[in-house]
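What follows is a short report on a single structure.
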Amino acid sequence: MSYLMETDKNYVANTYNRFPIEIVRGCGSKVWDADGKRYIDMGSGIGVTALGLCDEGWQTAVTAQLGQLQHMSNLYYTEPCAKLAKLLCHRTGMKKVFFGNSGAEANECAIKVARKYAAEKKGLEYTTIVTLVNSFHGRTLTTLAATGQDHFHGLFRPLTPGFVHTPANDIEALRRTVAEHKVAGILFECVQGEGGVIPLEPDFVQEMARLAAEQDFLLMVDEVQTGNGRTGQLYAYMHYGITPDVVTTAKGLGGGLPIGACLLGEKAESVLGYGDHGSTYGGNPVCCAGAYYVISHITDALLAQVREKSDYVFSTLSGAPGVKSVSGKGLMIGIETEKPAAEVVKACMAQGVLCLTAKTKVRLLPALNIPMELLKEAVEVIRRTCAE
Ligand SMILES: *Cc1c(COP(=O)(O)O)cnc(C)c1O
């Protein structure tokens with residue numbers, strides 16, 4: 001074990017079981033370890049570096065802001081925050097944005113908005129947030145309560161009360177759940193990420209939207225992983241023809257800087273007032289400058305490339321030897337393999353390709369702008385590894 005690995009093991013909390021490599025440098029979709037070995041990055045920091053590593057334009061935008069003003073707090077107006085909020089609203093039709101630092105924080109905001117909306121509109125007893133079985137919404141005690149996977153809950157109970165989980169794509173169960181509770185909102189991922197890269201069925205998504213409109217609770221989409229171009233649309237809900245009341249996002253938004261956003265639609269835009277919510281770093285100028293660059297570079301042309309590259313991966317790996325199934329949308333892809341996923345990931349890493357897992361699947365979240373040659377090279381390694 002290297003000195004660095006030993007230091008990390010001795011002093012960093014034991015929450016991450018790291019792979020035994022030290023990444024020292026990145027460029028686009030390539031990274032290098034301390035021994036000078038090159039890897040193709042098919043995980044992009046878990047869907048964070050949407051435009052790849054150290055994209056030149058992004059770096060220029062971020063460093064220019066860094067040289068001008070790195071932080072001022074929300075006591076004052078700063079330009080990057082307002083500019084980014086306007087851009088996000090223009091690109092989505094949402095009305096207002098609350099900025100935080102992470103996906104969990106964006107979801108916390110959504111949950112507070114739903115509870116306050118329901119308390120004012122329907123009564124104080126309308127507190128329940130419906131989420132889906134197999135969902136993932138974050139690691140804070142409230143977003144853990146929202147997460148519909150028991151193994152994350154561990155010994156951390158009691159979690160925040162007021163959450164119920166209903167199975168994805170089961171319309172009858174959804175109607176029953178909504179009928180049995182005093183619902184404030186429903187929160188879901190259009191493609192369940194950590195749950196195994198599983199897209200929701202359109203009928204089910206439309207039924208959630210119908211129930212939310214009929215019973216006046218908030219329709220809230222967790223786009224922390226699916227957002228910012230990942231699925232081949234700017235936000236994944238755009239595949240489903242729905243208009244959410246709340247959209248949360250993070251991961252790819254900052255292109256590598258910590259920023260989360262909670263976008264509020266017409267029904268939700270005025271729910272929060274002065275003092276109702278806040279975050280010291282929220283709307284930080286440097287993070288907002290990075291995110292502005294990312295969102296303004298997710299153009300229709302880039303989204304078309306995401307869909308094209310997605311088609312390539314799906315058609316190459318579907319039905320390939322050792323591959324049981326391929327799921328997902330855009331460049332958010334899950335591969336069910338005959339061999340254990342962890343074994344495939346390890347073998348790919350030895351051959352210079354970095355992949356992720358999601359439950360029992362191999363998961364790919366490459367940069368949206370990964371060059372086609374690199375994507376082909378990586379997919380070929382994955383295909384061969386699955387077949388062996
Ligand atoms: C990663 C993720 C989160 C949590 O985001 P953090 O930035 O780690 O707090 C929440 N929801 C979904 C769908 C995610 O994929």
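From the set of residues in the stretch 329-372 that are of a type outside the set (A, V, I, L, M, F, W, C) and buried (at least 21 other Cβ atoms within 10 Å of the Cβ), which is nearest to PRO199 (Cα to Cα)?
Result: LYS329.
Surrounded by fewer than 21 Cβ atoms within 10 Å (Cβ to Cβ) and within 25 Å of the chain's Cα centre (by Cα): does that describe LYS95?
Values: surrounded by fewer than 21 Cβ atoms within 10 Å (Cβ to Cβ): yes; within 25 Å of the chain's Cα centre (by Cα): yes.
Yes.
Scan the stretch 105-141 for residues that are over 22 Å from ASN169 (Cβ atoms) and surrounded by fewer than 21 Cβ atoms within 10 Å (Cβ to Cβ) and report the count.
Of the residues in that region, 14 qualify.
Considering only the stretch 361-374, state which residues are of a type outside the set (Lys, Arg) and within 18 Å of LYS329 (Cα to Cα). Don't jump to the end; show me each part of the working.
Just the residues of the stretch 361-374 that are of a type outside the set (Lys, Arg), to begin with: 362, 364-374.
Listed by number, the residues that qualify are VAL362, LEU364, LEU365, PRO366, ALA367, LEU368, ASN369, ILE370, MET372.
Would you point out the residue of the stretch 290-320, among those that are of a type in the set (Val, Ile, Thr) and in a helix (DSSP H, G or I), that is surrounded by the fewest Cβ atoms within 10 Å (Cβ to Cβ)?
Checked the stretch 290-320; the qualifying residue surrounded by the fewest Cβ atoms within 10 Å (Cβ to Cβ) is THR316.
Spot the failing condition for GLU108; the list is (1) within 16 Å of the ligand (Cβ to nearest atom); (2) in contact (Cβ under 8 Å) with a residue 60 or more places away in the chain; (3) in a helix (DSSP H, G or I), and only one is missed.
(2)
How many of the residues making up the stretch 226-259 are of a type in the set (A, V, I, L, M), touching a residue at least 40 places away in the same chain (Cβ under 8 Å) and part of a loop (DSSP other than H, G, I, E, B)?
Of the stretch 226-259, the ones of a type in the set (A, V, I, L, M) are 234, 236, 238, 242, 246-247, 250, 253, 257, 259.
After this cut, where a residue has to be touching a residue at least 40 places away in the same chain (Cβ under 8 Å) as well, the list is 234, 236, 246-247, 250, 253, 257, 259.
Now restrict to residues that are part of a loop (DSSP other than H, G, I, E, B): 234, 250, 257, 259.
Total satisfying the criteria: 4.
Taking the stretch 21-51 as the region of interest, how many residues are surrounded by 19 or more Cβ atoms within 10 Å (Cβ to Cβ), among the aliphatic types (A, V, I, L, M) and in a loop (DSSP other than H, G, I, E, B)?
Counting residues in the stretch 21-51 that are surrounded by 19 or more Cβ atoms within 10 Å (Cβ to Cβ), among the aliphatic types (A, V, I, L, M) and in a loop (DSSP other than H, G, I, E, B) gives 4.
Kindly evaluate GLN149 against the criterion of being within 24 Å of the chain's Cα centre (by Cα), within 16 Å of the ligand (Cβ to nearest atom) and buried (at least 24 other Cβ atoms within 10 Å of the Cβ). Working first, answer last.
On the way: within 24 Å of the chain's Cα centre (by Cα): yes; within 16 Å of the ligand (Cβ to nearest atom): yes; buried (at least 24 other Cβ atoms within 10 Å of the Cβ): no.
Criteria not met by GLN149.
Could you grab me the full set of residues in the stretch 177-206 that are part of a strand (DSSP E or B), within 13 Å of the ligand (Cβ to nearest atom) and within 20 Å of ALA106 (Cβ to Cβ)?
Correct list: LEU187, PHE188, VAL191, GLN192.
Only the coordinates and a few stated rules stand behind these numbers; no lab work does. Only a predicted model underlies this, so the values are computations on that prediction, with no experimental measurement involved. So basically every Cβ, Gly included, is an ideal-geometry build from the backbone, and we count neighbours across all protein chains shown.
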